Amino acid sequence: ALPDVLLRDVVSRLPVRDAARTAVLASRWRGLWRAAPLVLRDDDLLLASDGERARPDAAVGRILADHPGPFRDVHISHCSLTSGERELGDWARLLAAKGVQDLVFLDNPPLPRCAADITRCASLRRLPADILRCASLRRLFLGTCTFPDTASAPRGADVFPHLKEFSMLSGRMSEHDLNYMLACSPELETLALIISSMTKRIHLRAQSLKCMLLWVGVVDELAVVDAPHLERLILWKTIGQRQRMVLKIDGAPELRVIGRLDPRLHQLQIGNTIINAQTKASPNCIVPSVKILALELNFGVSKDVNMLTSFLRCFPNVETLHIVSSKDGEATGRHHAKFWQEVDPIKCVKSHINKIIIHEFQGEQSEFAFVKFIAKRARKLQTLVLVLTEGTFASVGELYEVNSQLRALTRCSWAAEGCEVLLVGPKLDCTWNFARASDLSVKDPFW
């Protein structure tokens, strides 16, 4: 007795094999599946009727050809595409003609473990240019493939006029192709490049972009040239080909979240100023909009400690500070207590930071020297969280020593009244994934 519009909605949410089977229920159901927006996930087609694992290539081709559309959600990740470019070209034309909205396509080769593997991989299939004709796309996720050649492709708003999210996993994309995609996506909000072989330079010009994520990439330079609505810039394990990756920020007035900056991997440039250990705060080298900052450094390395103060001065209005305490680099052997006692006042520490999380806390004297500095200087601090990692302490005695030092901190004169200090961990689920990092509904992507 339910109306057809509701039945079609129910059918469109079923696995595609079950959705098609509803046609045998009754004459009234016979046309519902073909009239419902298609949701096709090829992992629903992996098991044949006899229970054996099946190759879904042929079934995917038939479904795309037989269903009149529209295609609401198509997820293809298990097809081997033995006939290659011809079959893929046919699918691309069908997807474009029948209004696909969300498309996830991962070609069959195994995922490379790092961007260097992609550079060496010659088997990444280039997608046909017909993918660019899918004007109804809202979300596009490509993996283990090469972006279509855009050298001769037309420009205009009819390419990706409604695209909100674009992600590439373990793929290959040239500088020209990336610039083309950004220019032809006037509503793009999220750009995620994950373990991908990219151009040596990324110059970000995107009027609608809100989130840029570069995850395990090899890029010489990332320059935010003109991104007036960019709110989130996330880097993780990104390096240059032969030296540190240059990160230039010039044209991001709404940037609120940035990290994880690593002084060993990233050279920060704000405007025309290259940030180094001697950089002093000035209107030409600050980003006042940033509220959440994430860093990764070794508290036992003098260069890292000096760069930490410079980074903090560049973001004078930070309210939440994440620091990953790394063991990378050779420690100088000093605790840096004298350095923190003599360091000049830092605006964000004195007036704005209300929450600090030190991840992978190891209980080293160099870490406690920074904590004592924060205790004496951070007037607005409400919460200090020290997150342990599994296997940090070899004995109960070591953990007892850390607790003793924390108790000693409580007897110090704190600049902030009522600050809560938490020693937590190890976290049961310490997974930090790119999906959460680029989710704009998550206020703090590092926590």
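Observations on the structure shown:
- Restricting attention to the range 303-329, the residues that are open to solvent by less than 20 Å² (accessible area, probe 1.4 Å), small (Gly, Ala, Ser) and farther than 19 Å from Leu381 by Cβ total 2.
- Among the candidates Thr431, Thr392, residue that is open to solvent by less than 60 Å² (accessible area, probe 1.4 Å), at pLDDT below 75, part of a loop (DSSP other than H, G, I, E, B) and within 29 Å of Thr238 (Cα to Cα): Thr392
- Meets criteria (farther than 22 Å from Pro445 by Cβ, open to solvent by 10 Å² or more (accessible area, probe 1.4 Å) and in contact (Cβ under 8 Å) with a residue 60 or more places away in the chain) for Glu398: no
- Residue count for the range 348-389, restricted to those that are open to solvent by 10 Å² or more (accessible area, probe 1.4 Å) and assigned to a loop (DSSP other than H, G, I, E, B): 9.
- Looking across the range 235-278, the residues that are farther than 20 Å from Ser326 by Cβ, buried (at least 19 other Cβ atoms within 10 Å of the Cβ) and of a type in the set (A, V, I, L, M, F, W, C) come down to Ile249, Ala252, Leu255, Val257, Ile270.
- Leading residue by the ranking (modelled with the highest pLDDT) among those in the range 31-62 that are farther than 18 Å from Ser136 by Cβ, crowded, with 16+ Cβ neighbours inside 10 Å and in contact with a strand residue (DSSP E or B) (Cβ under 8 Å, 6 or more places away or on another chain): Arg41
- Number of the exception - Gln341 against (1) at pLDDT 85 or above; (2) within 21 Å of His322 (Cα to Cα): (2)
- Restricted to strands (runs of 3 or more DSSP E) entirely inside the range 257-324, those with at least 1 residues that are touching a Pro at 6+ places or on another chain (Cβ under 9 Å) are 257-261, 292-297.
The values are calculated or read from the model by the stated rules, or taken from the named source; none is laboratory data. Given the structure is predicted, the values throughout are model-derived calculations rather than measurements. Heads up, the Cβs are rebuilt from the backbone with ideal geometry, glycines too, and the neighbour counts pull from every protein chain shown. Please note that ligands, DNA and RNA were not included when accessible areas were found on the heavy atoms of the full protein model with its side chains. Shrake-Rupley method; radii C 1.70, N 1.55, O 1.52, S 1.80 Å.
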